[in-house]
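The values are calculated or read from the model by the stated rules, or taken from the named source; none is laboratory data. Every value quoted in this text rests on a predicted model; they were computed, and no experiment measured them. Cβ sites come from the backbone with ideal geometry, for glycine too, and all protein chains shown count toward neighbours. Surface accessibility is based on the protein's heavy atoms, side chains included, excluding ligands, DNA and RNA. Shrake-Rupley method; radii C 1.70, N 1.55, O 1.52, S 1.80 Å.
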Amino acid sequence: MIVEALIAFTFAAALVTFVAPNKVAGKLAFGLSLVPILGSLFMWSQFDATGNALLGGSLAFEESFAWLTLAGYELSWHTGVDGISMPLVVLTTVLTSLAIVSAWTPIDSRQSQFYGLFLFMEANLLGVFTALDFFMWFVFWEAVLIPMYLLVGVWGGPRRKYAAIKFFVYTNIASLVMFIGFMALVFGLGDSITSLGLPEIAQALRAGELSGFGALDADTLRLVAFVAMFLGFGVKVPIVPLHTWLPDAHVEAPTPASVMLAGVLLKMGTYALLRFNFTMLPETATALAIPIAAIAALSVIYGAMLALAQQDLKRIVAYSSVSSMGYVILGLIAYTVYGVGGATFQMIAHGLISGLMFMAVGVIYNTTHTRMVGDMSGMADRMPITTGIFIAGAFGYMGLPLMAGFAGEFFIFVGSFGSESLPYAPVFTSIAMFGIVIVAGYLLLAMQRTLFGSFRLETDYEVGHAPRHDTLALATLLVLVIALGVAPDTFFSMITDAVTPILETGGGL
């Protein structure tokens, strides 16, 4: 019952924080958020699952009981974790606590509501990564939108309402498209399934029990449903050209919300693609390998080129996320152990590195009140610790060896370059690898202009050392990035154990 206890406790903590006095809300939220961290670390230490949660593997901390019957399908409360979801649970709890700490400086109004929404978002994220019944999973999936919409719309920048509405409209429409595609598969399975349990549906689809639905035969239904789900989840990733909501949301969101948006919410999209598209419909995925790989390579290069053209530090990091998620898509479509396993590992690595980068930009903004590259220079002299961590995080983004980003990208490149199920695999991999050069270019250029040289600041603010709590949050993330890069097998062995069954049909080992 530990998963249920974690989710229930986090919901209760959100309620307690929401009604707490503003002056204690931040510290209270952080204290309460430590409980889910301890719970997730305990789960990790006791983790004993084998195989994949959707394909008959043994689950850790599994709980299941019937809930109700709807339209002839049994709905259940069904939770559990495998080697794919366990690292994401840990990532969610750790980033939530550190993001709360990063909010202590900039958030000075309606603090109890802000931190309450933050914990509410964490509870639903835990539900997304542990739910194994579609109805239950979809409720958590949609509920995550509510706190993020409010965090951007209430505590964001000057264009916060526009950014919040754009975020909500894009992601909500995407959810509808995805829902239609998935339910078409459910109806196409007919009497083959009796519930909306994700394992039952996945195993029925892989066993070839799908029949036609409406005017669509089985093969056409698979294709239409795959495309609908790919587009729906692709908005959340986001893939090019469905990415335009992301920079606006990041720029207008308060720093802690940007940390969670890049660090965890984007991983909802790639996690769902892995669970639904690439696990349930592997033959369709391999049939569409070339266009999917093209989208991945385009996202890598186009996102990096957009970042190169930006002057706002937040926009630079935001477009970097588009580029990094392209690597994840490339790893997934490779259908190799190192490709899919590396893509899953990269979700964790990018979550930590992007959280670090957004947090560092936020700390600089809290002091200078500007994020524009042309408005400042020589920040390293006035904020040496913050800029040092920022530089280290940037090198992690560039794939510096012994950092998490290098391990993730290396696994993906090894897995995709030798893929037998992806035509022209070396070509797509080589194109994506060139993105690293562009990443180095725009990050080095931005750091050179803002951090080094003689001190200059266009805004009239005193620049000095960041508050201790901000520095500690940044340092913690940096330590985690390095630790995961030095010892990638911390998560990679459990990840490969969970992704290997996916490759047994439709892909390749």
Output the residues belonging to segment 74-124 that are under 23 Å from the mean Cα position of the chain (by Cα) and acidic (Asp, Glu). 82, 122
Over segment 14-28, the set of residues open to solvent by less than 60 Å² (accessible area, probe 1.4 Å) and either within 23 Å of the chain's Cα centre (by Cα) or among the charged types (D, E, K, R) (or both) is 14
Filter result for residue 479 (surrounded by fewer than 20 Cβ atoms within 10 Å (Cβ to Cβ) and out of contact with any helix residue (DSSP H, G or I) (no Cβ under 8 Å at 6 or more places or on another chain)): yes
Answer yes or no as to whether residue 461 is aromatic (Phe, Trp, Tyr) and within 23 Å of the chain's Cα centre (by Cα). no
In this structure, does residue 179 turn out to be modelled with pLDDT under 95, outside any loop (DSSP other than H, G, I, E, B) and open to solvent by 20 Å² or more (accessible area, probe 1.4 Å)? no
Mind listing whichever residues of segment 174-206 are free of Cβ contacts under 8 Å to residues at least 12 places away in the same chain and more than 16 Å from residue 78 (Cβ to Cβ)? 183, 191
Among the residues of segment 370-384, the number that are closer than 17 Å to residue 255 by Cβ and open to solvent by 40 Å² or more (accessible area, probe 1.4 Å) is 2
Result of the Cβ filter at 9 Å on segment 1-16, keeping first residues that are closer than 15 Å to residue 38 by Cβ and hydroxyl-bearing (Ser, Thr, Tyr) and partners that are assigned to a helix (DSSP H, G or I) and open to solvent by 50 Å² or more (accessible area, probe 1.4 Å), at least 6 apart or interchain, is 10/35; 10/120
Which members of segment 445-456 meet the condition of being over 11 Å from residue 383 (Cβ atoms), in contact (Cβ under 8 Å) with a residue 24 or more places away in the chain and open to solvent by 30 Å² or more (accessible area, probe 1.4 Å)? 445, 449, 452, 453, 454, 456
Among the candidates 85, 40, residue that is more than 30 Å from residue 187 (Cα to Cα), open to solvent by less than 30 Å² (accessible area, probe 1.4 Å), touching a Ser or Thr at 6+ places or on another chain (Cβ under 7 Å) and among the polar types (S, T, N, Q): 40
Residues of segment 209-235 classified as open to solvent by 10 Å² or more (accessible area, probe 1.4 Å) and either in a helix (DSSP H, G or I) or under 20 Å from residue 289 (Cα atoms) (or both), total: 11
